[in-house]
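The values are calculated or read from the model by the stated rules, or taken from the named source; none is laboratory data. Because the structure is a prediction, the values reported are computed rather than measured. Heads up, the Cβs are rebuilt from the backbone with ideal geometry, glycines too, and the neighbour counts pull from every protein chain shown. These accessible areas exclude ligands, DNA and RNA; they are computed on the full protein's heavy atoms, side chains included. Shrake-Rupley method; radii C 1.70, N 1.55, O 1.52, S 1.80 Å.
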Amino acid sequence: MKEKVIFLTDMQSFYASVEKARDSSLQNKPVIVAGDPERRSGIVLAACPLAKKFGITTAETLGSALIKCPHVKVVRPHMQLYIDISIQISKIMEQYTDLVEPFSIDEQFMDVTGSQKLFGDQFEMAKKLQSTILNNTGVYARVGIGPNKILAKMACDNFAKKNADGIFRLDQSNIEKLWQLPVGKMFGVGSRMKRHLNGMGISTIGGLAKFPLERLKKRWGINGEVLRQTANGIDYSPVTVTTYNRQKAIGHHMTLPRDYSELNEIKIVLLELCTEVARRCRKKGYMGVTVSCGVRGADFDFPTGFHRQVTLPVPTNYDLDIFNAAFQLLLEFWDRQPIRSLGVSISNLQPANNYQIDLFDRYALKESLNTAFDTIWDKYGRTALYRASSLTGAGQAAERAVKIGGHYK
C-alpha cells in the first residue's frame, strides 16, 4: 500500500501577515494585532517575526508588549477580513487536492498522496503551494509533511517554522529528531499534562514514546495510549473534508471586559449567552438536550472556575430553557469569587424538525416567540431587539453584536 503524503499548512503570523499585505506602510516594521489599541488594552492576537525578535509573544497583554517594543505598530483586528482570506487560501489548496480539512483559521490539512503525478513530488508541491498562496494573498505559509496528520502537524510546529524554506518532512526515518524535544513540544500536551508527565520522570517526547504503556493506561486510560501513540508518530485518522458538516455542540464564550463579582451582573451576561446559543441552534436547524456552563476566575496566577453540564428532559432551542439550566449550574458550582470569562453550550444535538415535545411546557408559545425573534433579527440585525437587562452596565449584547469571535469585524 502506497504511503500517504499529508501536508499541514500553517500561515506565518496570520493576522499580522494579512495586515501587512493590506497596508504596505507596515512592511519592514514590527507589527502586532491586539484587542483595543485605542484603550491600550487587550492581548496580542498575532505578532509578526520582527515583533517577535523583541520578545513579544502571542497571548501576552498589550501593555507588556509595548514595554518590550515601544515603537511597535499596533493594529486592531479585522476578523471578517481574516475569515475571507482563510477561505481564499482553502480554495487555493483545493487546486492541488480535493482532500482539504480545516484545522483552524490559519492551519489546514491536505492529503496530496494522489496529486504528485500532477504537481511533482511532495517537496516541489509544497514550494508551489507556498508560492501560490504568497502571490495571491501576501501571506507566507509553512508546510509540515508526514505520512499522517500527527507527524505533519509536529513537523510544521517544531521544524518547518524554523527552516529557511519553511518546509520539513517528519516520518519514522527521522523521528529521533522529534524524540529529542521536550515533552511539552508534543501535540496534545499542554502545561498541565507536561507537569504530570515530568512528575512521572518523562522529560522528552522520546521518553514518552518508550514509557511502559500499562503505566500510562493505568494513569489516564485510553488517553494514555493515545499519548504514547502520538509520541511514536502513530495516527490512523484520515484527512476528512466533512469534519465540520455535522456539529456536536453549539456554544458561545465571552471574555468579560472587567471582573464580574455580583450574581445579578453575571446573570445578565449568562442570559445573553443563552439567547445567542439558542439563536444559533435554530439557525442551524438543531435542538439539544445537554446544557454546559463554564466559568473562569479572574485570578490568572491561581485560576479557579468550573465546567459542568446537565441533561434536560426534552430537547430545546429556546433561550430561557437553556438559561434556567445554566443558571442552576452557576448557583451550584460558582465559588462566589470574581470571574473574567463565561461560556454556555448545548450538545447532544438533533434535527429540530423531528423531536419529542412536552405537552405541559408551553410548546406553542415558545415556537411563536422564537419565530418572532428570528424574523426581526434576520431582517434588522442583532441590535434590533434585545432584553432591557442588556442596557445595564453589565450587558454586553450591543458590544458583541458588532464583533466576530469577540473581535471587531
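In debye, nearest 20: dipole of the chain around its Cα centre with unit charges on the Cβ of K, R (+) and D, E (-)?
Numbers: 54 positive and 40 negative charges, 159 e Å.
Magnitude of the dipole: close to 760 debye.
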*Provide D121, D10 ordered by accessible surface of protein heavy atoms (probe 1.4 Å), highest first.*
D121, D10
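In terms of the Cα gyration tensor, with a ≥ b ≥ c the square roots of its eigenvalues, is segment 227-296 rounded because a/c is under 1.5, prolate because a/b exceeds b/c, or oblate?
Numbers: a/c = 3.47, a/b = 1.65, b/c = 2.11.
Since a/c reaches 1.5 but b/c is at least a/b, the shape of segment 227-296 is classed as oblate.
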*Apportionment of accessible area to carbon and sulfur, the chain, percent (1.4 Å)*: 53 percent
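Go through K91, K366 and list them by solvent-accessible area, largest first, probe radius 1.4 Å.
Working: K91 125, K366 20 Å².
The ranking, largest first, comes out as K91, K366.
As a test of the formula, what do you get for the chain when each DSSP H run with n ≥ 4 contributes -39,500 (n - 2.57) and the sum is divided by the residue count, at 222 nm and rounded to the nearest 500 deg cm²/dmol? Working shown, then result.
Values: 16 runs with 162 residues, N = 409.
Helix contribution divided over all residues of the chain: -11500 deg cm²/dmol.
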*Eight or more residues apart or on different chains, and alpha-carbon atoms under 30 Å: count the Lys pairs in segment 193-320 matching that.*
12
_Modelling each spin label as a point 7 Å along the Cα-to-Cβ direction, I'd like the R195/L81 distance in nm, to one decimal._
3.9 nm
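Given contacts defined as C-alpha pairs under 8 Å and at least six residues apart, what's the relative contact order of the chain, whole-number percent? Let's see the in-between values first.
Working: 694 pairs, mean separation 55.9, N = 409.
Reported as a whole number, the value is 14 percent.
Looking at the chain, what % of its DSSP beta bridges pair antiparallel, to the nearest 5? Mind showing how you got there, number by number?
Details: 49 of 55 bridges.
If we restrict to bridges inside the chain, about 90 percent are antiparallel.
Dividing the alpha-carbon Rg of segment 41-82 by 2.2 N^0.38 Å yields what? Could the numbers behind the result be given before it?
Details: Rg = 10.0 Å, N = 42, 2.2 N^0.38 = 9.1 Å.
Output field value: 1.10.
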_Which one, L342, L213, L151, has the greatest fluctuation when you compute a Gaussian network model over the chain with C-alpha springs under 10 angstrom?_
L213
_Using a probe radius of 1.4 Å on heavy atoms only, what accessible surface per residue do you get for the chain? Whole Å² is fine._
51 Å²
_How far apart, in nanometres, would the label points at T255 and K161 be if each is projected 7 angstrom from Cα along the Cα-to-Cβ direction?_
1.8 nm
*With every protein chain left in place, what is the accessible area of R76 in Å² (1.4 Å probe, nearest 10)?*
90 Å²
*Under a 1.4 angstrom probe, counting protein chains only, how are I83, I175 ranked by accessible area, largest first?*
I83, I175
*Given a cut-off of under 8 Å on Cα pairs at least six residues apart, what relative contact order in percent is computed for segment 119-235?*
20 percent
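Working from the pairwise distances between different alpha carbons, so that the mean of 1/r is found and then inverted, what is segment 14-129's Kirkwood radius in Å?
Values: mean 1/r = 0.0633 Å⁻¹.
One over the average 1/r among Cα pairs gives 15.8 Å for segment 14-129.
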*Treat each spin label as a single point 7 Å out from the Cα along the C-beta direction, and report the S131 to I234 distance in nm.*
4.0 nm
*Taking Rg and Dmax of the Cα atoms in Å as the quantity of interest, determine which of [x] 23.6, 81; [y] 24.8, 85; [z] 23.6, 67 was computed from the displayed structure.*
[z]
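K379 to T57: FRET efficiency via 1/(1 + (r/R0)^6), r the Cβ-Cβ distance, R0 45 Å, to the nearest 0.05?
Values: r = 44 Å, r/R0 = 0.97.
After rounding to 0.05, the efficiency reads 0.55.
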*Using a 1.4 angstrom probe and counting only protein chains, how large is the accessible area of V241 in Å², to 10?*
80 Å²
*Provide the solvent-accessible area of F103, counting protein heavy atoms only and rolling a 1.4 Å probe, rounded to the nearest 10 Å².*
80 Å²
